[in-house]
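Here the structure is laid out as structure tokens; the discussion comes afterwards.
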Amino acid sequence: MSARPILYSFRRCPYAIRARLAIAASGQVVELREIVLRDKAPDFLKTSPTATVPCLKLDNEVLDESLEIMQWALEISDPDRWLQSEQGGPAQMLALIGKCDGSFKTHLDRYKYSTRYPDALREEERSAASRFLVELDERLEHGGWLFGTRATIADFAILPFVRQFANTDRAWFDAQDWQSLKNWLESFEASNRFQSVMPKWVPWRAGDQATFFPR
């Protein structure tokens, strides 16, 4: 068994993307195990209490929430000062992330996967989710980032979900008058930081040679 922490992940999952971003930013190295969500590996199911990714297995603890994994990594090392903001403090950053993970994610799921919800009206769910994006756009107008002129944990916890929303109907998203938001997302998608956490991994199976992240 690897002596390093083990990260069970799924490449496209926005929760897993945010966890990988923080791990990479902190300089920590983990063993990455790419999970197939439709055929979850037995070892993963034994490890994760919720059977969801990301899940980080430490020596004596399992972190099963993406934000917990981000905070674990950044509390060890935070060279880019993601846990410090120019405007507001940790409580304000966590509150904004909470809005993303709460009502915004609910409406995003009902917009993106509207056929799974018999009572969901796709355009109404998109409109409801958009209210959060308008709030983000207004914040971004002042410094280019959510809490000032540099990135914080809030930016990288929220960006993967804005990307998921945008990619649901990119033509519609691009037509909206959210220039600061669009610039923020486009810069993120084009960044080496994002590209470095998005290589394609072979799905993991017990007995495979360890894959380490970051590479």
Identify all residues within region 36-76 that are under 25 Å from Cys100 (Cα atoms) and hydroxyl-bearing (Ser, Thr, Tyr); write none if there are none. Ser48, Thr50, Thr52, Ser66
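Name the single residue that is farthest from the chain's Cα centre (by Cα) among those in region 168-183 being surrounded by 13 or more Cβ atoms within 10 Å (Cβ to Cβ) and under 28 Å from Glu34 (Cα atoms). Even if it seems obvious, please write down each step before you answer.
Looking only at region 168-183, we keep the residues that are surrounded by 13 or more Cβ atoms within 10 Å (Cβ to Cβ), and these are 168-169, 173, 176, 178, 180-183.
Then drop every residue that is not under 28 Å from Glu34 (Cα atoms), which leaves 168-169.
Values: Thr168: 16, Asp169: 19 Å.
This residue is Asp169.
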Restricting to region 44-84, name every residue that is in a helix (DSSP H, G or I), polar (S, T, N, Q) and either outside the structural domain of Ala25 (by TED's automatic domain parsing) or over 18 Å from Ile17 (Cβ atoms) (or both). Thr47
Just the residues that are within 15 Å of Phe10 (Cα to Cα), of a type in the set (A, V, I, L, M) and surrounded by fewer than 21 Cβ atoms within 10 Å (Cβ to Cβ), please, taken from region 41-75. Ala41, Leu45, Ala51
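Report whether or not Arg170 is free of Cβ contacts under 8 Å to residues at least 40 places away in the same chain, assigned by TED's automatic domain parsing to the domain that holds Glu189 and over 22 Å from Arg81 (Cα atoms). It would help to see each step written out before you state the result.
Details: free of Cβ contacts under 8 Å to residues at least 40 places away in the same chain: yes; assigned by TED's automatic domain parsing to the domain that holds Glu189: yes; over 22 Å from Arg81 (Cα atoms): yes.
Against the criterion (free of Cβ contacts under 8 Å to residues at least 40 places away in the same chain, assigned by TED's automatic domain parsing to the domain that holds Glu189 and over 22 Å from Arg81 (Cα atoms)), Arg170 qualifies.
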Scanning region 1-43 residue by residue, those assigned to a helix (DSSP H, G or I), in contact (Cβ under 8 Å) with a residue 60 or more places away in the chain and closer than 19 Å to Arg205 by Cα turn out to be Pro42, Asp43
Helices (runs of 4 or more DSSP H) lying entirely in region 85-167 (those with 3 or more residues that are free of Cβ contacts under 8 Å to residues at least 12 places away in the same chain and more than 21 Å from Trp72 (Cα to Cα)): 122-143
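Checking the structure you have, find out if any residue of region 76-88 is farther than 23 Å from Gly144 by Cα, modelled with pLDDT of 95 or more, out of contact with any Phe, Trp or Tyr (no Cβ under 7 Å at 6 or more places or on another chain) and buried (at least 21 other Cβ atoms within 10 Å of the Cβ). Working first, answer last.
Taking region 76-88 and keeping what is farther than 23 Å from Gly144 by Cα, we get 76-77.
When the remaining residues are screened for being modelled with pLDDT of 95 or more, the result is 76-77.
Keeping just the survivors that are out of contact with any Phe, Trp or Tyr (no Cβ under 7 Å at 6 or more places or on another chain) gives 76-77.
If we keep only those that are buried (at least 21 other Cβ atoms within 10 Å of the Cβ) too, we end up with none.
Within region 76-88 (the criterion being farther than 23 Å from Gly144 by Cα, modelled with pLDDT of 95 or more, out of contact with any Phe, Trp or Tyr (no Cβ under 7 Å at 6 or more places or on another chain) and buried (at least 21 other Cβ atoms within 10 Å of the Cβ)), the answer is no, since none of the residues qualifies.
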Conditions (1) at pLDDT 95 or above; (2) surrounded by fewer than 18 Cβ atoms within 10 Å (Cβ to Cβ); (3) hydroxyl-bearing (Ser, Thr, Tyr); number of the one not met by Tyr15: (2)
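The values are calculated or read from the model by the stated rules, or taken from the named source; none is laboratory data. Predicted, not measured: the structure shown is a model, and the values here were computed from it. For neighbour counting, all protein chains shown are included, and Cβ atoms are generated from backbone atoms with ideal geometry for every residue, glycine included.
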